[in-house]
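Notes for the one structure printed next.
The values are calculated or read from the model by the stated rules, or taken from the named source; none is laboratory data. Nothing here was measured: the structure is a model prediction, and the numbers come from that model. We place every Cβ from the backbone using ideal geometry, glycine too, and count neighbours over all the protein chains shown.
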Amino acid sequence: MADTKGGRTLRALGWILGIGAGLALGAYVAFQVSPWPAALLIRHAFERNARAISAALTPHVPAGVAAQLDLPYDALDPHARLDVFYPVTLEPGQAAPLTIVWVHGGAWISGSKADIAGYARILAAHGYTVVGVDYALAPAHTYPTPVRQTNSALGYLQAHAARLHVDPSRLVLAGDSGGAHIVAQLANLITSAAYARRLGIVPAIGSAQLRGLILYCGAYDTVHVNLAGAFGGFLRTVLWSYSGSRNFAADPAFASAAVIEYLTAAFPASFISAGNADPLASQSQAFAAALAAHGVRTDALFFPHDYRPALPHEYQFNLDSAAGRLALERSLEFLGTL
């Protein structure tokens, strides 16, 4: 009897180990043949962090801001929604001095306009109309879908300007992380006919309407990236997800995503910043240098390598820190020059 029980135990253990090994192999294969498993893990972590950042911003959000929420900017696209914030002191049909169109970050695979709603309200309290734009996420939706969608959002804002307190002649594009990349591309296609043709996107507004950009913690060279080290796995996942190609660096359709390679002197005046501990800080610094080399008016906020406390990716949303408050102050100063 004891031997029989022992045999059964060994067989059960064998089944368990076999199932475990099969699951491990299946997981390994899944991670190798599709970006979805890793992308979903990253999305979960990013969404949890975004909720924490939004909660920390809540005490800084002032009163006196009105909103029109979750407006469909493309009736045929369920992902195409936007929020509009503006001072309650505006009269019906009155536009704010500038309209800031902010595209959220999340490495193209996560995030929503809700993540930047608190920050949008803070900016709106300073007298601006601020628009938060949603777009479809990768891997389900690939490049250049978000660029097309944000372009459509500009067309919608122009068509409904009076109702939304938008001045379509004075628009500013803003974004953080992946959103900074999206708006940098959009600004480039608005100001460069050759780049617009390359992307196959007809700009919804003219270059004279776009007064400037605010770019935080962005990625601007999506092809010539350093895939070595611990950050390399993350980059492979998000770029595979967004491009739709595992070999994204050699994909000719994704080459235009490296917006730094296509800049012209017509690019709008830009404010650019990143934290000293941000893995993408070098991309922001390179982009600022490239704009300056083209003669574009560029205002940059960077920090020494030994700045403490070290400033992570998306440092600007932490208004409990001196650096976050400085970033907001510098952003407002830049807006005042446009």
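Is it the case that some residue within the stretch 291-299 is within 11 Å of Asn276 (Cβ to Cβ) and in contact with a Gly (Cβ under 9 Å, 6 or more places away or on another chain)?
Here is the first cut: in the stretch 291-299, the residues within 11 Å of Asn276 (Cβ to Cβ) are none.
Looking for residues that are within 11 Å of Asn276 (Cβ to Cβ) and in contact with a Gly (Cβ under 9 Å, 6 or more places away or on another chain), one finds none in the stretch 291-299, hence no.
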**OP:** Of all residues in the stretch 128-151, count the ones that are part of a loop (DSSP other than H, G, I, E, B) and among the hydrophobic types (A, V, I, L, M, F, W, C).
**Re:** 4
Subject >> Filtered residues of the stretch 224-245 (kept if buried (at least 16 other Cβ atoms within 10 Å of the Cβ) and over 30 Å from Ala322 (Cα atoms)) >> reply: Val225, Arg236, Thr237, Val238, Leu239, Trp240, Ser241, Tyr242, Ser243, Gly244, Ser245
Original post:
Does Leu326 satisfy the criteria of being surrounded by 17 or more Cβ atoms within 10 Å (Cβ to Cβ), hydrophobic (A, V, I, L, M, F, W, C) and closer than 23 Å to His104 by Cα?
Top reply: no
**OP:** Residue by residue through the stretch 82-118, note down the ones that are crowded, with 23+ Cβ neighbours inside 10 Å and acidic (Asp, Glu).
**Re:** Asp115
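For every residue, the table says whether it meets (1) of a type in the set (Phe, Trp, Tyr); (2) modelled with pLDDT under 60; (3) assigned to a loop (DSSP other than H, G, I, E, B).
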| residue | (1), (2), (3) |
| --- | --- |
| Ile19 | no, yes, no |
| Phe31 | yes, yes, no |
| Pro37 | no, no, no |
| Thr58 | no, no, no |
| Leu69 | no, no, no |
| Pro97 | no, no, yes |
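Against the condition over 18 Å from Ser110 (Cα atoms), of a type outside the set (Phe, Trp, Tyr), buried (at least 18 other Cβ atoms within 10 Å of the Cβ) and in contact with a helix residue (DSSP H, G or I) (Cβ under 7 Å, 6 or more places away or on another chain), how does Ala286 come out, does it pass? Lay out the reasoning, then the answer.
On the way: over 18 Å from Ser110 (Cα atoms): yes; of a type outside the set (Phe, Trp, Tyr): yes; buried (at least 18 other Cβ atoms within 10 Å of the Cβ): no; in contact with a helix residue (DSSP H, G or I) (Cβ under 7 Å, 6 or more places away or on another chain): yes.
Criteria not met by Ala286.
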